[in-house]
Structures are given as C-alpha cells and as structure tokens.
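Written below as structure tokens is the structure these notes are about.
The values are calculated or read from the model by the stated rules, or taken from the named source; none is laboratory data. Since this is a predicted model, take the numbers as computed values, not measurements. Neighbour counts are summed over all protein chains in view; Cβ atoms, including those assigned to glycine, are modelled from backbone coordinates with ideal geometry.
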Amino acid sequence: MTDERMTDERALSVRQPWTWLIVQGYKPIENRTRSTNFRGFFYVHASKWPKTTTDFHVFGAACDWVRREFGIYVPGEECLKQRGRIIGCAELFQVVEPFSCSSKWHERERFGWVLRNAAPIVPTFEHSGALGFFRLPARVVDVLSQTPRYQPRAVR
C-alpha cells in the first residue's frame with residue numbers, strides 16, 4: 001500500500017438529515033460535544049449512518065421534527081443515497097458555548113459550530129469519513145476542485 005499525500009483541506013462527517021440541511025443552507029449550527037480551534041472552509045461528508053432499523057426510526061423522527069419545527073421537507077430518499085459521500089462545503093466561522101445560543105438548531109448542552117457559506121457540490125464524491133475534522137488526500141482534493149459548486153447560500 002502506498003502512502004497518500006495529505007492536504008490541509010478538511011472534511012467533517014455529519015449524520016443525515018443534518019448533512020443535507022447544512023449544505024442546503026437551512027442548518028446554520030452543527031452541534032458537537034467539543035469545541036474546536038479550526039476556522040475556515042471545509043467539505044461536508046455524509047456519514048454512512050443510519051445502518052440499523054433503530055437508526056432508520058431515529059432518522060425518520062429527525063426528518064419529522066424538522067418538518068414540524070421549521071416547515072422544511074427533507075427528501076429522505078435523497079439523503080439516504082448520499083451516505084458515505086462528500087456532498088458539499090461550508091465555512092465554520094464561530095463556536096458558541098453550551099447554553100449561550102437561542103437558535104432552535106442549537107442543542108443547549110453542546111457547543112454550537114456556527115456555519116455560513118454552505119453549498120452542495122454536484123456530483124457528490126464517495127469517500128470514507130472519520131470522527132471530527134479529517135484531512136483529505138491530494139487525489140480527492142484534485143477531483144473536488146473540479147466539481148461544480150452551487151453558489152453559497154445565506155442562512156434561510
């Protein structure tokens with residue numbers, strides 16, 4: 001096995017339907033148990049979750065919650081097809097402390113990674129994810145740099 005040259009480009013794995021909501025410009029906050037010093041643009045990776053029957057019930061409940069709270073219809077079938085793929089990009093520009101933000105998207109007991117300039121990429125790109133931010137190999141960045149991106153969307 002050959003060593004791959006890694007770049008400084010980062011990606012972050014997020015579960016669906018949150019990944020879809022981020023790249024479509026609906027979800028301006030990613031909730032995490034930890035803060036991060038990272039600021040800047042990154043690629044958004046849709047994790048391979050859900051996998052089990054219970055996971056699929058949780059996924060459905062999340063889609064229903066988004067519809068009730070925000071009036072946003074999440075295309076569940078499209079989300080499931082995107083699992084294990086880089087589907088967009090966003091910019092992390094601020095981290096808010098637990099219990100310090102009133103946004104409905106912020107889980108009060110978690111850090112809120114505040115996002116902007118999110119956009120989907122087409123076509124999406126199959127790639128393995130990892131926990132937290134992970135660096136991307138040069139061969140992946142070369143492909144992604146040629147992928148058309150929609151214009152970044154302001155938070156809706």
Legend entry - Residue in the stretch 121-130 that is assigned to a loop (DSSP other than H, G, I, E, B), of a type in the set (A, V, I, L, M, F, W, C) and farther than 20 Å from V44 by Cα present: no
Inset, instruction - Would you mention how many residues in the stretch 19-38 are more than 12 Å from the chain's Cα centre (by Cα) and free of Cβ contacts under 8 Å to residues at least 60 places away in the same chain? - result: 1
Legend entry - Hey, V95 assigned to a strand (DSSP E or B), modelled with pLDDT of 95 or more and not small (G, A, S) or not: yes
Legend entry - Given (1) touching a Lys or Arg at 6+ places or on another chain (Cβ under 9 Å); (2) among the β-branched types (V, I, T); (3) crowded, with 16+ Cβ neighbours inside 10 Å, number of the condition I86 does not satisfy: (1)
Legend entry - Looking only at the stretch 24-51, and only at residues there that are of a type outside the set (A, V, I, L, M, F, W, C) and part of a strand (DSSP E or B), the one that is surrounded by the fewest Cβ atoms within 10 Å (Cβ to Cβ): G40
Legend entry - Filtered residues of the stretch 63-92 (kept if in a helix (DSSP H, G or I), under 24 Å from A11 (Cα atoms) and at pLDDT 95 or above): C63
Inset, instruction - Answer yes or no as to whether D55 is at pLDDT 95 or above and exposed (fewer than 14 other Cβ atoms within 10 Å of the Cβ). - result: no
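Somewhere in the stretch 6-18, is a residue farther than 21 Å from A90 by Cβ, at pLDDT below 95 and either in contact with a Phe, Trp or Tyr (Cβ under 8 Å, 6 or more places away or on another chain) or of a type in the set (V, I, T) (or both)?
no
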Inset, instruction - For residues that are of a type in the set (D, E, K, R) and closer than 19 Å to R34 by Cα, scanning just the stretch 106-131, find the one that is surrounded by the fewest Cβ atoms within 10 Å (Cβ to Cβ). - result: E109
Legend entry - Residue in the stretch 3-16 that is on the phi > 0 side of the Ramachandran plot and crowded, with 19+ Cβ neighbours inside 10 Å present: no
